[in-house]
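Single-structure report; data block below.
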Amino acid sequence: MFFLVLLAMVAGFLGLRLYGVLGKRTGHEQPLPRTAEERPAPISVPRTVDAIPEVREPANRNIDPRAEAGLRQIVAGEAGFDVPRFLEGAQAAYRMTLEAFWKGDESALSDLAVPDVAQAFIDAIAARTTAGHVLDNRLVRIEKAMIVDASLSGREARITMRFDADIAAVTRDAEGVMVAGSMTDAVETHDVWTFARTLKSSDPNWKLADTDEA
């Protein structure tokens with residue numbers, strides 16, 4: 001009997017010791033992994049799709065929309081036609097034509113314009129000479145050069161340009177005395193010029209076919 005009581009006491013002592021070590025939480029215990037049934041269902045988070053920006057070609061500020069159809073016809077009629085190159089050439093022709101008129105260079109005007117337009121410039125030069133006036137003009141800058149219309153009839157192509165420019169204009173008499181204008185104050189001008197050319201011809205040059213004011 002004495003041994004049974006002793007064994008019971010030893011068992012109780014060991015139980016108390018185990019409780020003291022395992023029965024208390026320290027805050028550092030690792031939780032046991034849960035079974036599949038005990039795990040909470042995963043929350044489905046919708047993925048955000050980055051919006052793809054719409055790609056838009058910048059509008060060509062040198063071409064009026066009404067001229068686009070005609071330009072396409074011209075390009076189809078002559079594969080070598082290049083719009084940017086034409087724009088550069090048209091600005092150069094605008095400058096050369098004005099300078100030829102101001103200087104009274106009739107030969108240059110005949111090369112740059114069709115016969116009737118060249119003759120109109122020549123007549124204006126003659127009237128100016130009769131009045132004893134000399135133009136001392138200078139193209140300060142071309143603010144804007146824009147294709148506003150284009151057409152193709154058969155092989156005859158026509159492209160209309162609008163030029164917004166600043167021009168210093170001075171008129172002098174035969175003695176060189178200024179009678180009008182100013183070399184310091186540029187005048188805003190708005191010209192509408194039409195250039196023409198026969199596509200696939202041996203002459204690659206476009207010629208001035210009409211002039212007007214905007």
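The values are calculated or read from the model by the stated rules, or taken from the named source; none is laboratory data. Quick caveat, the model's predicted, so the values are computed rather than measured. Here the Cβ is made from the backbone with ideal geometry for all residues, glycine too, and neighbour counts use every protein chain on show. Heads up: the accessible areas ignore ligands, DNA and RNA and are worked out on the full protein's heavy atoms, side chains in. Shrake-Rupley method; radii C 1.70, N 1.55, O 1.52, S 1.80 Å.
Structure notes:
This table checks each residue for (1) of a type in the set (A, V, I, L, M, F, W, C); (2) out of contact with any Asp or Glu (no Cβ under 8 Å at 6 or more places or on another chain).
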site: H133; (1), (2): no, no
site: D149; (1), (2): no, no
site: I159; (1), (2): yes, no
site: R162; (1), (2): no, no
site: E175; (1), (2): no, yes
site: H190; (1), (2): no, no
site: W206; (1), (2): yes, yes
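- Those strands (runs of 3 or more DSSP E) of segment 106-182 in which at least 3 residues are closer than 30 Å to V83 by Cα and within 30 Å of the chain's Cα centre (by Cα), considering only elements entirely within it, cover 138-153, 156-168.
- Options M178, M161; residue that is modelled with pLDDT under 95 and over 18 Å from D203 (Cα atoms): M178
- Whenever a residue of segment 76-96 is farther than 13 Å from F195 by Cα, its partners that are open to solvent by 80 Å² or more (accessible area, probe 1.4 Å), lying with C-beta atoms within less than 6 angstrom and at least six residues away or across chains, give the pairs E78/K200.
Residue-wise test of (1) surrounded by fewer than 17 Cβ atoms within 10 Å (Cβ to Cβ); (2) under 24 Å from K103 (Cα atoms).
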residue	(1), (2)
I125	no, yes
E143	yes, yes
G154	yes, no
E175	yes, yes
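- Within segment 66-89, if we keep just the residues that are assigned to a helix (DSSP H, G or I) and within 18 Å of S201 (Cβ to Cβ), the residue that is most open to solvent (accessible area, probe 1.4 Å) turns out to be R85.
- Criterion violated by K103 - all others in (1) surrounded by 16 or more Cβ atoms within 10 Å (Cβ to Cβ); (2) over 33 Å from the mean Cα position of the chain (by Cα) satisfied: (1)
- Of everything in segment 202-214 that is loosely packed, with under 11 Cβ neighbours inside 10 Å and in a loop (DSSP other than H, G, I, E, B), the residue that is nearest to the chain's Cα centre (by Cα) is A214.
- Summed over segment 183-198, the residues that are surrounded by 16 or more Cβ atoms within 10 Å (Cβ to Cβ) and not in a strand (DSSP E or B) give a count of 1.
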